[in-house]
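Asker: Below is one structure. I have some questions about it.
The values are calculated or read from the model by the stated rules, or taken from the named source; none is laboratory data. All values reported here derive from a predicted model rather than from experimental measurement. For neighbour counting, all protein chains shown are included, and Cβ atoms are generated from backbone atoms with ideal geometry for every residue, glycine included.
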Amino acid sequence: MTETISQINENDTSIFSCLHCKLSPISKATGSATFTLNDSLCTCLLNGPGELRQQQDAINRLQVDITFQARPGNNNTNSTSTKDKLIEQWLETLVRSTVLMEYYPRSQINIVMYEEQNLSGEATILACLCNTLCLTMLDANLPMKYAFAAVPIVQHPTKGLLSLPKTKDELASTSYFVFVFEITLNDILATHASGDFDMKILEQAISIAQPIARQIFQFYRQELEKRLT
């Protein structure tokens, strides 16, 4: 059986049609952004760095406080609460691995992320959250080692691997990957996967995701340039 590979949904030559963002939508925050990926929309606001209020064992390093709020209407079950905590931990890891922490001893930043809309699935919303977070950090002018971009890839039962999947394709998929790339070498910074797959599929998914990440970084640059003009 021949594996079908689709690098960009609907054979588009550009992914920009499914990406939208707004920088600094919340004026009172140090940095903020909204980001849309297909049918998922997230908002993030960041305040700080500021003085560490509680003198804890983290006194000599930056304290990162992230709160994720799922969209209204989600059932507040134990499983949902656990998933939200895992998302917070995933996002906190990205912040700690990209911000130049030594610049802010005895300081803290507070980040709140909102899932405004998610008609797709876990892969798209997780990638959407990661990209919203990065844009917010850039909007706040935090000193970073590198920017990052997340790309969702799903394995559709008949269409093969799809990047930035449409809602109907993601909901019909059997497994998914979310790859987070850093901008300097376009290397993988973090990975999340779910479902059944082998190493060959994983390698194919990575090869599809890398050029998509480059286009997302180009999208970041264009949006930041708009803010400066």
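Asker: Taking the condition of being closer than 25 Å to residue 88 by Cβ and touching a residue at least 40 places away in the same chain (Cβ under 8 Å), how many residues in the stretch 153-166 meet it?
Answerer: Start the filter on the stretch 153-166 by keeping residues that are closer than 25 Å to residue 88 by Cβ, which leaves 153-154, 164-165.
With the extra rule that they be touching a residue at least 40 places away in the same chain (Cβ under 8 Å), the set shrinks to 153, 164-165.
Residues in the stretch 153-166 being closer than 25 Å to residue 88 by Cβ and touching a residue at least 40 places away in the same chain (Cβ under 8 Å): 3 in total.
Asker: With the requirement that a residue be within 9 Å of the chain's Cα centre (by Cα) and of a type in the set (A, V, I, L, M), what does the stretch 119-146 give you?
Answerer: 125, 126, 127, 129, 133
Asker: Just to be sure, is residue 197 touching a Ser or Thr at 6+ places or on another chain (Cβ under 6 Å) and either of a type in the set (Val, Ile, Thr) or modelled with pLDDT under 95 (or both)?
Answerer: Details: touching a Ser or Thr at 6+ places or on another chain (Cβ under 6 Å): yes; either of a type in the set (Val, Ile, Thr) or modelled with pLDDT under 95 (or both): yes.
Here the answer is yes, as residue 197 does meet what is asked.
Asker: On to the next question. Scan the stretch 152-168 residue by residue and report those that are assigned to a helix (DSSP H, G or I) and over 19 Å from residue 16 (Cα atoms). Talk me through it step by step, then tell me what you get.
Answerer: Quick first cut of the stretch 152-168, residues assigned to a helix (DSSP H, G or I) only: 167-168.
168, the sole residue that qualifies.
Asker: Take the residues in the stretch 200-228 that are among the charged types (D, E, K, R) and touching a Leu at 6+ places or on another chain (Cβ under 7 Å); name whichever of them is surrounded by the fewest Cβ atoms within 10 Å (Cβ to Cβ).
Answerer: 227
Asker: Look at the stretch 106-151 and say how many of its residues are part of a strand (DSSP E or B), of a type outside the set (D, E, K, R) and either farther than 20 Å from residue 63 by Cα or touching a residue at least 60 places away in the same chain (Cβ under 8 Å) (or both). Walk me through it before giving the result.
Answerer: First, pick out the residues of the stretch 106-151 that are part of a strand (DSSP E or B): 107-118, 144, 148-151.
If we keep only those that are of a type outside the set (D, E, K, R) as well, we get 107-114, 117-118, 144, 148-151.
Among the residues that remain, those that are also either farther than 20 Å from residue 63 by Cα or touching a residue at least 60 places away in the same chain (Cβ under 8 Å) (or both) are: 108-114, 117-118, 148-151.
Residues that pass the stated criteria total 13.
Asker: Is one or more of the residues making up the stretch 171-178 surrounded by 14 or more Cβ atoms within 10 Å (Cβ to Cβ), out of contact with any helix residue (DSSP H, G or I) (no Cβ under 6 Å at 6 or more places or on another chain) and part of a strand (DSSP E or B)?
Answerer: Of the stretch 171-178, the ones surrounded by 14 or more Cβ atoms within 10 Å (Cβ to Cβ) are 172-173, 175-178.
Filter once more, so that each one left must be out of contact with any helix residue (DSSP H, G or I) (no Cβ under 6 Å at 6 or more places or on another chain): 172-173, 175.
When the remaining residues are screened for being part of a strand (DSSP E or B), the result is 175.
The answer is yes; a qualifying residue exists.
Asker: Inspect the stretch 195-214 for any residue being in contact with a Cys (Cβ under 8 Å, 6 or more places away or on another chain) and touching a residue at least 12 places away in the same chain (Cβ under 8 Å) and give the result as yes or no.
Answerer: Step one: of the stretch 195-214, the residues in contact with a Cys (Cβ under 8 Å, 6 or more places away or on another chain) are none.
No, the conditions are met nowhere in the stretch 195-214.
Asker: Next question, about the same structure. All but one of (1) within 14 Å of residue 40 (Cα to Cα); (2) of a type in the set (A, V, I, L, M); (3) surrounded by 19 or more Cβ atoms within 10 Å (Cβ to Cβ) hold for residue 140; which doesn't?
Answerer: Of (1) within 14 Å of residue 40 (Cα to Cα); (2) of a type in the set (A, V, I, L, M); (3) surrounded by 19 or more Cβ atoms within 10 Å (Cβ to Cβ), only one is false for residue 140: (1).
Asker: Exactly one of (1) at pLDDT 95 or above; (2) in a loop (DSSP other than H, G, I, E, B); (3) surrounded by fewer than 18 Cβ atoms within 10 Å (Cβ to Cβ); (4) of a type outside the set (Asp, Glu) is unmet by residue 53. Its number?
Answerer: That leaves (1) as the condition not met.
So that you can scan it fast, the table gives a plain yes or no per residue for (1) in a helix (DSSP H, G or I); (2) among the β-branched types (Val, Ile, Thr); (3) surrounded by 12 or more Cβ atoms within 10 Å (Cβ to Cβ); (4) at pLDDT 90 or above:
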residue	(1), (2), (3), (4)
13	no, yes, no, no
28	no, no, no, yes
32	no, no, yes, yes
58	no, no, yes, no
61	no, no, yes, no
66	no, yes, yes, yes
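Asker: For residue 184, state whether it is modelled with pLDDT of 95 or more, closer than 30 Å to residue 26 by Cα and either touching a Lys or Arg at 6+ places or on another chain (Cβ under 9 Å) or part of a helix (DSSP H, G or I) (or both). Before you say what the answer is, go through the steps one by one.
Answerer: Numbers: modelled with pLDDT of 95 or more: no; closer than 30 Å to residue 26 by Cα: yes; either touching a Lys or Arg at 6+ places or on another chain (Cβ under 9 Å) or part of a helix (DSSP H, G or I) (or both): yes.
No: the conditions fail for residue 184.
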